[in-house]
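To start, the structure itself, in structure tokens.
What follows is calculated from the coordinates using simple rules that are stated; it is not laboratory data. This structure is a prediction, so every number in the text was calculated from the model and none was measured. Please note: Cβ atoms are built from the backbone with ideal geometry, for glycine as well, and neighbour counts cover all protein chains shown.
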Amino acid sequence: MTALEFSFDQLLTDDAYQEPLIAGGVRCHGGYIDGEYVSPRGAVRRPAIVAWRERLAVGGAPLIYVPDKYVPPNYPNYPQAKFLLQEGVIEPVTRALTIISIVEGFGARIREVQVPNLGAEVKEDVAGTALAHLAGGLFEAHARDEAGHRDQGGHKQMWEAARDMGLSKPHVPGDVLLRLMTGTVRGERQRQFPALSERMESMITMMANVLIVETFAEDTFAWAKRLLGDPEVCADAERAAHVIDCVARDEKPHVDYLSVALSELRARTLVGEGGREFAGSEVVDAIFRNQLRGMATQRPRQSRERLQQEIHQCIDDAARASAIARRFESLDSGWTFPHRDDEELDVLLTAA
Ligand SMILES: [Fe+2]
Ligand SMILES: [Fe+2]
């Protein structure tokens, strides 16, 4: 029988690397085996996720995911960013890459998610599932991958290194974080299922949110690899693109464990106040759809508004700024969410 139960330490165990990953002089997580990059903390975590997913498939439960048509393209797109670099307008691209590194670092917040009392709030058994290992190593491994741990850089530091290699250590404006924080103020989150415990709803919301961010990131990686890997506009292009490729590979277990754990919850019954029961699929799907619609529509709009302002701010000559902004806009690939506000999102499932 395949093992389905693992200790915290097991889930954080690295493979036996022959060589570490050094990016821009920074020692990062992961390493090389026979010349091939291998992601961190995967020796047990990787096969564990496969085993939990197989168990889900055997039980006939589908796997939740974000279909491609809901993934907005990275903004700015590759021709837009390349155009700015060719014009010597580096700062908006530096800002865009720095924002990605900051958002990666925020990923460490996943370790603060309070897992509800699964024994009391999930009707069926959860032993031997990804769900049962969230607090037992999966969230911690994820947090370390994103923000780094002790002497090893994580995705935050890897994006910074790739940016500095590609753009030759550009000046990084001091207000990137501040602008990011002031641009994303959101009101109190409305409860969708107030009869469930706050912890249960918050955990599902956070997991759905992170799964969507991770899926959207796939397009960002493709964009960054192309841009930072373009020797016409970037220095150390090959190396910069390689570091982004390492980050992209590290994200796979995140997408995988989150979709497995959310799908395990979908296949069960959630128990709320006074013993009231909800089908897990009803709760997870409603929260997932709500988050997906919000993020797929807000984020592209915010990036577009931010970039347009930044182009004007970093070019002193108003006429030149307008000309560059116009050309920049003309390269926009355009994208709108494929459903009107009153339309249901497609069922986001595939066979596990
Ligand atoms: Fe990441
Ligand atoms: Fe991630």
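Relative to the dominant Cα principal axis of the chain, helix 198-228 is inclined by about 40°. The loop-placed chymotrypsin sites (Phe, Trp or Tyr not before Pro) in region 204-285, going by DSSP, include none that has at most 12 neighbouring Cβ atoms within 10 Å of its Cβ.
Applying 1/(1 + (r/R0)^6) with R0 = 30 Å to the Cβ-Cβ distance of S168 and Q18 gives a FRET efficiency near 0.50.
Projecting the Cα atoms of I110, P92, L196 onto the dipole axis of region 77-212, where Lys and Arg carry +1 and Asp and Glu carry -1 at the beta carbon, places P92 farthest toward the positive end. Normalised by the number of residues in region 110-185, the mean separation of alpha-carbon contacts (under 8 Å, six or more apart) gives a relative contact order of 19 percent. For region 126-173, trypsin sites (Lys or Arg not before Pro) are listed when DSSP marks them as loop and at most 16 other Cβ atoms sit within 10 Å of their Cβ; the list is R150. Figure legend: label point modelled 7 angstrom from the Cα of S7 along Cα→Cβ; residues of region 20-55 with amide N under 20 Å from it are 41-49. How would region 100-198 be classified by its alpha-carbon gyration tensor: rounded, prolate or oblate, with rounded meaning a/c under 1.5 and the a/b versus b/c comparison settling the rest? Judged from the Cα gyration tensor, region 100-198 comes out oblate (a/c at least 1.5, b/c at or above a/b). With a cut-off of 15 Å between beta carbons, the residues surrounding R266 carry a summed charge of -2, where Lys and Arg count +1 and Asp and Glu -1. Placing pseudo-labels 7 Å out from each Cα toward the beta carbon at V115 and R249 gives an inter-label distance of 2.8 nm.
Charge tally for G154 (other residues, Cβ to Cβ under 9 Å; Lys, Arg +1; Asp, Glu -1): -2. When the square roots of the Cα gyration tensor eigenvalues are ordered a ≥ b ≥ c, the ratio a/c for the chain is 1.5 or more and a/b does not exceed b/c, which makes its shape oblate. When all alpha carbon pairs of region 229-352 are counted in 5 Å bins from zero, the resulting P(r) reads 2, 8, 10, 11, 13, 16, 12, 10, 8, 5, 3, 2, 1, 0 %. In the chain, the DSSP-assigned H stretches of four residues or longer account for a calculated mean residue ellipticity at 222 nm of -17500 deg cm²/dmol, using -39500 (n - 2.57) per stretch and the full residue count as denominator. Using equal-weight Cα scatterers in the Debye expression, the normalised intensity of region 280-352 in log10 at q = 0.11, 0.19 Å⁻¹ is -0.47, -0.84.
The alpha carbon centroids of region 156-177 and region 9-49 are separated by 24 Å.
Roughly how tilted is helix 237-266, in degrees to the nearest 10 and between 0 and 90, from the longest Cα axis of the chain? Roughly 30 degrees between the two axes.
Restricting the trypsin sites (Lys or Arg not before Pro) of region 254-302 to loop positions (DSSP other than H, G, I, E, B) with no more than 16 neighbouring Cβ atoms within 10 Å leaves R276. Shown for the chain: lysine pairs separated by 8 or more places, or found on different chains, whose C-alpha atoms are under 30 Å apart, numbering 15. If only the Cβ of Lys and Arg carry +1 and only the Cβ of Asp and Glu carry -1, the dipole of region 90-193 around its Cα centre is close to 280 debye. Each of L56, L138 has some number of other Cβ atoms within 10 Å of its Cβ, and from fewest to most they run L56, L138.
Please determine, in degrees from 0 to 90 and to the nearest 10, the orientation of helix 318-330 with respect to the longest principal axis defined by the Cα atoms of the chain, where the helix direction is its Cα long axis. Once rounded, the angle reads 50 degrees. Taking R249, R327, R95 in turn, the Gaussian network model of the chain (Cα-Cα springs below 10 Å) assigns the largest fluctuation to R327. Put simply, region 211-279 fits an ellipsoid with semi-axes of 41, 10, 7 Å; these come from the alpha carbon gyration tensor as the roots of five times its eigenvalues, largest first.
Computed from point charges on the beta carbon alone (+1 for Lys and Arg, -1 for Asp and Glu), the dipole magnitude for the chain about its Cα centre is near 480 Debye. How large is log10 of I(q)/I(0) for region 37-192 at q = 0.09, 0.14, 0.18 Å⁻¹ when the intensity is taken from the Debye formula with one equal scatterer per alpha-carbon? With one equal scatterer per Cα and no solvent, log10 I(q)/I(0) is -0.45, -0.99, -1.29. Which shape class, rounded, prolate or oblate, goes with region 125-268 when its Cα gyration tensor gives a ≥ b ≥ c as root eigenvalues, a/c under 1.5 marks rounded, and past that a/b bigger than b/c marks prolate? Verdict is prolate for region 125-268.
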